[in-house]
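Taking it in order: structure first as C-alpha cells, then the write-up.
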Amino acid sequence: MKLRELKEQAVKELTEAGIELPYLEVQVIFEHFLHLSKAQQILRSEESVSREDAEKTTSAVRRRCSRIPLAYITGHKEFYGLDFIVSENTLIPRPDTETLVDVALEFLSGRAKAKLLDLCTGTGCAGIAAAGNSDLSSLTLSDISKEALRCAKVNAQRLLPPSLPVFFSHSDLFDSITDRDFDAVISNPPYIRKEYLDALSPEVRKEPALALFCNEEDGMGICRKIAEEASGYLVKGGLLAIECDYRQTSALSEIIAQNNFTRIRITKDLAGRERIVSGERK
C-alpha cells in the first residue's frame with residue numbers, strides 16, 4: 001500500500017470515530033511511528049509502505065479511535081517548547097498549565113539561585129519548564145504516585161542540565177518534604193469535582209483519576225491543604241502558586257489570604273479563564 005493510501009484510510013477511520021483534527025493527528029502518528037517529517041510524508045506519498053510499518057500505524061490509529069489520548073499512544077507531549085515523556089500513569093501536560101510556569105517565572109526573574117518545589121508534579125512539566133528558564137539553585141519534584149515520579153525523573157534527566165541539583169520526593173503533599181526554605185512552591189493538584197465527570201471528554205477520562213479528582217464535594221480539598229501548609233515551607237516573601245478550576249479561584253484566593261499570604265493574585269490562562277491563584281508569604 002502506498003503511503004498516501006494508508007494516510008487516507010487512517011484519516012477516514014479517525015473522522016468516523018469523531019476525532020476532532022483527524023488529518024493533524026494522522027500526521028503526528030506517521031511522524032512518530034514511521035520517523036517521517038510532515039514534509040517527508042508529502043514528498044514520499046507515492047512510495048510503498050512495508051507491512052510492518054503499516055501495522056504500526058494501523059494499530060496506533062485503532063487505539064486512537066478507542067479515544068486513547070494521542071500523547072499516550074506516542075508517549076510524548078510538547079509543553080512550554082519542551083518534549084516531555086508521558087505515560088498512562090501521568091496527567092498529560094496542557095496549555096493551561098503553561099500559565100502556572102509563567103507566574104513562577106515572573107516571580108523567579110527577580111531572584112538568583114532560588115529553590116523551587118513542584119508539588120503533584122506528574123510528568124514534572126511545570127517545575128522542569130520553570131527550571132529550564134530561570135536561575136535556580138535546586139528543584140524538587142514531588143508526587144504521591146511513584147510511577148509519575150519515575151516519569152518526572154526521566155524528563156528531568158533529559159531536559160535539564162546535569163549541573164542543576166534536582167531532588168525527587170515520594171510524598172503526599174508536604175508530608176515527606178523536609179526543606180522549609182523554598183523560594184517558590186507551585187502545584188497543579190487534582191481539583192476536578194467528581195460531579196463533572198460526565199462533562200469530561202472520553203480522552204480526559206482515560207487519564208489517572210488520582211491526578212484529576214479531589215474527593216471533597218467542592219473539589220478543593222487538596223488545594224486547601226496546600227494553601228494551609230505552604231507557608232511553613234517558604235521563605236519570607238516566597239511564592240505560592242496553585243492551578244485550579246476557574247470556578248474555584250475566588251474561594252481559593254480567600255483561603256490563601258487567610259493562611260499567612262499577601263499580594264493575592266488571580267491569573268488567567270491562554271483561553272482567558274481564571275486559572276492560577278498565587279500569593280507571597282507574609
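The values are calculated or read from the model by the stated rules, or taken from the named source; none is laboratory data. Note that the structure is a prediction, hence the values are computed from the model and not measured. FYI the Cβ positions are ideal-geometry reconstructions off the backbone, even for glycines, and counts take in every protein chain you see. Side chains included, ligands, DNA and RNA excluded: accessible areas come from the protein's heavy atoms. Shrake-Rupley method; radii C 1.70, N 1.55, O 1.52, S 1.80 Å.
Just to be sure before I move on: is Gly232 over 25 Å from Ile144 (Cβ atoms) and of a type outside the set (Asp, Glu) in the structure I sent?
Here the answer is no, as Gly232 does not meet what is asked.
Out of the residues in the stretch 163-178 that are without any contact (Cβ under 8 Å) to a residue 60 or more places away in the chain and among the β-branched types (Val, Ile, Thr), which is least open to solvent (accessible area, probe 1.4 Å)?
Selected residue: Val166.
Could you go through the stretch 217-238 and let me know if any residue there is under 28 Å from Ser87 (Cα atoms), small (Gly, Ala, Ser) and touching a residue at least 40 places away in the same chain (Cβ under 8 Å).
There is no residue in the stretch 217-238 that is under 28 Å from Ser87 (Cα atoms), small (Gly, Ala, Ser) and touching a residue at least 40 places away in the same chain (Cβ under 8 Å).
Please specify each residue of the stretch 163-188 satisfying the condition of being outside any strand (DSSP E or B), hydrophobic (A, V, I, L, M, F, W, C) and under 24 Å from Gly232 (Cβ atoms).
Listed by number, the residues that qualify are Leu173, Phe174, Ile177.
Any chance the stretch 191-199 includes a residue that's over 16 Å from Leu212 (Cα atoms) and not charged (D, E, K, R)?
No, every residue in the stretch 191-199 fails to be over 16 Å from Leu212 (Cα atoms) and not charged (D, E, K, R).
I'd like the full set of residues that are of a type in the set (Gly, Ala, Ser) and within 11 Å of Lys153 (Cα to Cα), limited to the stretch 117-143.
Hits for the stretch 117-143 are Gly122, Gly124, Ser142.
Anything in the stretch 72-92 that is farther than 19 Å from Arg150 by Cβ and either open to solvent by 30 Å² or more (accessible area, probe 1.4 Å) or polar (S, T, N, Q) (or both)? List them, or say none.
Glu78, Tyr80, Gly81
Could you please find all residues in the stretch 209-267 being open to solvent by 60 Å² or more (accessible area, probe 1.4 Å), part of a loop (DSSP other than H, G, I, E, B) and closer than 18 Å to Tyr191 by Cβ?
Residues satisfying the conditions are Asn215, Glu216, Glu217, Tyr246, Arg247.
Would you point out which residue out of Pro95, Pro69 is of a type outside the set (Gly, Ala, Ser), farther than 13 Å from Leu160 by Cβ and open to solvent by 40 Å² or more (accessible area, probe 1.4 Å)?
Being of a type outside the set (Gly, Ala, Ser), farther than 13 Å from Leu160 by Cβ and open to solvent by 40 Å² or more (accessible area, probe 1.4 Å) holds for just one of Pro95, Pro69, which is Pro95.
Does the stretch 124-162 hold any residues that are open to solvent by 20 Å² or more (accessible area, probe 1.4 Å), in a loop (DSSP other than H, G, I, E, B) and within 22 Å of Pro190 (Cα to Cα), and which are they?
Ile144, the sole residue that qualifies.
Among the helices (runs of 4 or more DSSP H) contained in the stretch 1-91, which hold 1 or more residues that are within 30 Å of Leu119 (Cβ to Cβ)?
Where helices (runs of 4 or more DSSP H) fall fully within the stretch 1-91 and carry at least 1 residues being within 30 Å of Leu119 (Cβ to Cβ), they are 70-74.
For the subset of the stretch 111-123 comprising residues that are assigned to a loop (DSSP other than H, G, I, E, B) and under 18 Å from Thr97 (Cα atoms), which member is farthest from the chain's Cα centre (by Cα)?
Cys120
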